[in-house]
Amino acid sequence: MDFYKKNLENLKKYRPQLYERINSFVPTGNYMIITSNHPKKYPNLFHKPSNSYVYDNNDPVTPIVQELREKIRLPILNVIFGFGLGYELITMIQNYFSNESAYIVVDPEIEPFYNALKVIDLESIIKNQYIFLFIGEPASSMFLNFRNILMMGNLKLHVKAMNIIDNKFSLTMNPSYFKEIINHLKDAIKEVLLHYGNDPWDSLIGIENIFLNVNEIIKNPGINQLKDKFKGKPGIVVATGPSLNKNIEQLKGLEDKAVICAADASVRVMKRYGLKPHLVTSLERVLATAKLFEGLTKEDVEDVYLSACPVIRPETYANFPGNRIIVYRNFATFQWLEIEKGILDIGPSAANMAFKVLEYLGCNPIILIGQDLAFGENDVTHAKGATFGEKEQQYYSPDRILEVEGNYVPKIKTTDVWYKFLKFYEKDVAEYAGTVINATEGGAKIPGTKIMSFKEVADQYLTNDLKVVDNIKATLRYPTEDEILKYRDMLKIKVNDAINFAEEVIKELNKGRVYTERFQKEIIETYEKTGRFDESLANNLFNQLQLPLPLLGSKKFYEIFMHFVQSYYITSFIEINAVIASSLPEHKKNFSVVALVDDMYLVLIKLIEAMRNSMRKMKEQLG
């Protein structure tokens, strides 16, 4: 059988990018296919420069089977370093397949895979959408690849139960590549977990703010009304990094040449130069954000639209004496409200948010200024006139400082917070269909951006009048009094239903705790005191204590509570899966799992009670 032809046909159909890479590949001749000494004549690869076999030439497969038997306990999230002839991947699928499983294969070399196509039938692998083949991919692209995969389904719940399998030869030949891959994998895991938050009580602040801001939501237009309104027109993100000092004055005269969207901290800096943005983004949930607008007059923000996410404090809205546009973040809570305003996948900073707003408006190119994401000269953190000064002390902690590639220097100092913003920019830029120009004239390099001076940008792109304010005013429509009353009545019904559902969830979680406590007392304590283990009773209690879990997985629970509880919920299941994947005896695993579930139920009860109380505050706001 002509495996190569068959495999190429499948690649062309199911993985066209990899097909193009293979189709244009010119082999070096460093690898040679040979027949192993095994009775079944398994193919093997011989590497001429190192005079080495890729697999044990007497038995290419059995050592892999033995290694997997020792390593694999929960075969859901699997990463394989080096493809070789595919024996590691094939053996895993044959012996440890699950419908939930994902297999991520990373290999800097194309040639081993190219040779495998000739001697192994890879049709089932090529067709499987849960097998991700990154063959010949640069290491720099793998952060986004890992992040996107981990965001799929429940894979994030298995990051502590991840299986990493090596093709030993590939690992030996490419140590620096795989070291970089490990770093990108760690960054992706951190970013994904941060996406879901790390403190439910912190999340509650945002949710309470949403409830307190319900009248702002009801009365104001949404960003959805401006979708693609400025398609193909330039947009400018104004952030407050120290390099903004170099080019902020160049914005004068360009107010109608681009849609200018400023981060909240930039408004007062722009005011010093007699400048106004068209849109201002804000999403921090803390009271300090309100200070960014202190002292602004109606004249200062005339024709300026606060395009905030309503997780901000009511005081922040109160301090902004101008128009509002509502912008939802991708939170289930906003979907539950059922008052459409436009949902964006917003990153962690107001500047990240400004980028997504301009993308949503259809702007192209998007130009960044003041987006340093790094310390400036003399270690300043912000531009002159920033509300909290040019040197914010929170950024100077030595354990938070690291180095990254700069736009104009090989290395530049940044912090863990700015690095988080940078990684989200990297994702956003990669997903954006247009051109992103970094005209910051300093700062950290954002992968995928084009570096230009702001003067060059102005000369090339900012030449036509767009009538930005006129177009925004002509497009936005405010809800009528009848619509406002309708929204209010609808939300009263929803919040009453949600309060009742909260009571139901609390009741079911308390029932679950009855069984977790019985298990701990009747099974675990008895075992620890006497060594006796009643397997029948243990199995019965173990099944009973899981009864609340389907309720936690319901659509209603997701929409009402998940954004609040998700950081704790996800962390709990990560720990549970880590226990299941451990080498503990089976009964000891169950002991640990029950203790974790008991703790999870107890904390969730407290969280749901707090959410219920916040809903009661929303009910008061609705009158």
### Task
Working only within region 194-232, note down all residues that are touching a Leu at 6+ places or on another chain (Cβ under 7 Å), in a loop (DSSP other than H, G, I, E, B) and crowded, with 21+ Cβ neighbours inside 10 Å.
PHE230
### Some residue of region 370-379 being within 15 Å of LEU244 (Cα to Cα), of a type in the set (S, T, N, Q) and open to solvent by less than 30 Å² (accessible area, probe 1.4 Å)
yes
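Any residue in region 363-386 that is small (Gly, Ala, Ser), under 25 Å from the mean Cα position of the chain (by Cα), at pLDDT 90 or above and within 20 Å of ALA188 (Cα to Cα)? Steps first, please.
So the first thing to find is which residues in region 363-386 are small (Gly, Ala, Ser), and the list is 370, 374, 376, 383, 385-386.
Next, only the ones that are under 25 Å from the mean Cα position of the chain (by Cα) stay: 370, 374.
Add one more test, that the residue is at pLDDT 90 or above, and what stays is 370, 374.
Of the ones still in play, those that are also within 20 Å of ALA188 (Cα to Cα) are none.
No, there is no match, as no residue in region 363-386 is small (Gly, Ala, Ser), under 25 Å from the mean Cα position of the chain (by Cα), at pLDDT 90 or above and within 20 Å of ALA188 (Cα to Cα).
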### Query
All but one of (1) more than 27 Å from ASP345 (Cα to Cα); (2) open to solvent by less than 50 Å² (accessible area, probe 1.4 Å) hold for ALA444; which doesn't?
(1)
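Name the residues in region 244-255 that are within 32 Å of the chain's Cα centre (by Cα) and open to solvent by less than 10 Å² (accessible area, probe 1.4 Å), would you? I'd like the intermediate steps shown before the answer.
The initial filter retains those residues of region 244-255 that are within 32 Å of the chain's Cα centre (by Cα), namely 244-245, 247-248.
Scanning region 244-255 gives LEU244, ASN247, ILE248.
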### Query
Taking only pairs six or more apart or across chains, which ones have beta-carbon atoms under 9 Å, a first residue in region 60-86 that is at negative phi and touching a residue at least 12 places away in the same chain (Cβ under 8 Å), and a second residue that is basic (Lys, Arg) and open to solvent by 10 Å² or more (accessible area, probe 1.4 Å)?
VAL61/LYS40; LEU77/LYS156
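For every residue, the table says whether it meets (1) open to solvent by 20 Å² or more (accessible area, probe 1.4 Å); (2) free of Cβ contacts under 8 Å to residues at least 12 places away in the same chain; (3) out of contact with any strand residue (DSSP E or B) (no Cβ under 7 Å at 6 or more places or on another chain).
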position	(1), (2), (3)
TYR515	yes, no, yes
LYS521	yes, yes, yes
ARG532	yes, yes, yes
ILE560	no, no, yes
### Task
Given the conditions (1) among the hydroxyl-bearing types (Ser, Thr, Tyr); (2) open to solvent by 10 Å² or more (accessible area, probe 1.4 Å); (3) in contact (Cβ under 8 Å) with a residue 12 or more places away in the chain; (4) within 20 Å of LYS511 (Cα to Cα), report the number of the one that SER554 does not fulfil.
(3)
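Does TYR461 fit the bill of being surrounded by 16 or more Cβ atoms within 10 Å (Cβ to Cβ) and under 26 Å from the mean Cα position of the chain (by Cα)?
Values: surrounded by 16 or more Cβ atoms within 10 Å (Cβ to Cβ): yes; under 26 Å from the mean Cα position of the chain (by Cα): no.
No; evaluated as a whole, the condition is false for this residue.
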### Message
Out of the helices (runs of 4 or more DSSP H) lying entirely within region 507-623, which hold 2 or more residues that are modelled with pLDDT under 95 and of a type in the set (Lys, Arg)?
### Response
586-622
### Task
Have a look at ASN10, ASN44 and point out the one that is buried (at least 17 other Cβ atoms within 10 Å of the Cβ), touching an Asp or Glu at 6+ places or on another chain (Cβ under 8 Å) and either closer than 22 Å to VAL106 by Cα or not polar (S, T, N, Q) (or both).
ASN10
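Would a scan of region 82-102 turn up a residue that is within 23 Å of the chain's Cα centre (by Cα) and open to solvent by less than 50 Å² (accessible area, probe 1.4 Å)? Outline the logic, then answer.
Taking region 82-102 and keeping what is within 23 Å of the chain's Cα centre (by Cα), we get 100-102.
Cutting the leftovers down to open to solvent by less than 50 Å² (accessible area, probe 1.4 Å) gives us 101-102.
Looking for residues that are within 23 Å of the chain's Cα centre (by Cα) and open to solvent by less than 50 Å² (accessible area, probe 1.4 Å), one finds at least one in region 82-102, hence yes.
Being among the β-branched types (Val, Ile, Thr) and more than 25 Å from GLU609 (Cβ to Cβ) is the filter; apply it to region 477-513 and report the residue that is least open to solvent (accessible area, probe 1.4 Å). If you could, list the steps in order and put the result at the bottom.
Taking region 477-513 and keeping what is among the β-branched types (Val, Ile, Thr), we get 480, 484, 493, 495, 499, 505-506.
Within this subset, residues satisfying the condition of being more than 25 Å from GLU609 (Cβ to Cβ) are 480, 484.
Values: THR480: 65, ILE484: 14 Å².
Filtering region 477-513 for residues that are among the β-branched types (Val, Ile, Thr) and more than 25 Å from GLU609 (Cβ to Cβ), the one least open to solvent (accessible area, probe 1.4 Å) comes out as ILE484.
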### Query
Which members of region 116-134 meet the condition of being open to solvent by less than 10 Å² (accessible area, probe 1.4 Å) and not β-branched (Val, Ile, Thr)?
ALA116, LEU117, LEU122
### Message
Can you tell me which condition LEU541 does not meet? The list is (1) hydrophobic (A, V, I, L, M, F, W, C); (2) under 24 Å from ILE76 (Cβ atoms); (3) open to solvent by less than 20 Å² (accessible area, probe 1.4 Å), and all the others hold.
### Response
(2)
### Query
Does ILE181 qualify as being assigned to a helix (DSSP H, G or I), open to solvent by less than 50 Å² (accessible area, probe 1.4 Å), at pLDDT below 95 and not basic (Lys, Arg)?
no
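Going through LYS455, LYS507 one at a time, which residue ends up being closer than 24 Å to GLN544 by Cα and out of contact with any strand residue (DSSP E or B) (no Cβ under 6 Å at 6 or more places or on another chain)?
Details: LYS455 fails: closer than 24 Å to GLN544 by Cα.
None of the others qualify; the one that does is LYS507.
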### Query
With LYS413, LYS384 as the choices, which residue is more than 27 Å from ASN464 (Cα to Cα) and without any contact (Cβ under 8 Å) to a residue 40 or more places away in the chain?
LYS413
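Is region 206-221 home to any residue that is charged (D, E, K, R), closer than 18 Å to GLN566 by Cα and without any contact (Cβ under 8 Å) to a residue 24 or more places away in the chain? Write out each step before concluding.
Taking region 206-221 first, the residues charged (D, E, K, R) are 208, 216, 219.
Retained after the next criterion (residues that are closer than 18 Å to GLN566 by Cα): 208.
When the remaining residues are screened for being without any contact (Cβ under 8 Å) to a residue 24 or more places away in the chain, the result is none.
No, region 206-221 contains no residue that is charged (D, E, K, R), closer than 18 Å to GLN566 by Cα and without any contact (Cβ under 8 Å) to a residue 24 or more places away in the chain.
Please verify whether region 228-238 includes one or more residues that are at pLDDT below 95 and under 20 Å from ARG324 (Cα atoms). Spell out the reasoning first.
The initial filter retains those residues of region 228-238 that are at pLDDT below 95, namely none.
No, region 228-238 has no match at all.
The values are calculated or read from the model by the stated rules, or taken from the named source; none is laboratory data. Owing to the predicted nature of the structure, the values given are computational and were not obtained by experimental measurement. Glycine also receives a Cβ, built like all others from the backbone with ideal geometry; neighbour counts cover every protein chain displayed. Areas reflect the complete protein model, heavy atoms only, side chains present, ligands, DNA and RNA absent. Shrake-Rupley method; radii C 1.70, N 1.55, O 1.52, S 1.80 Å.
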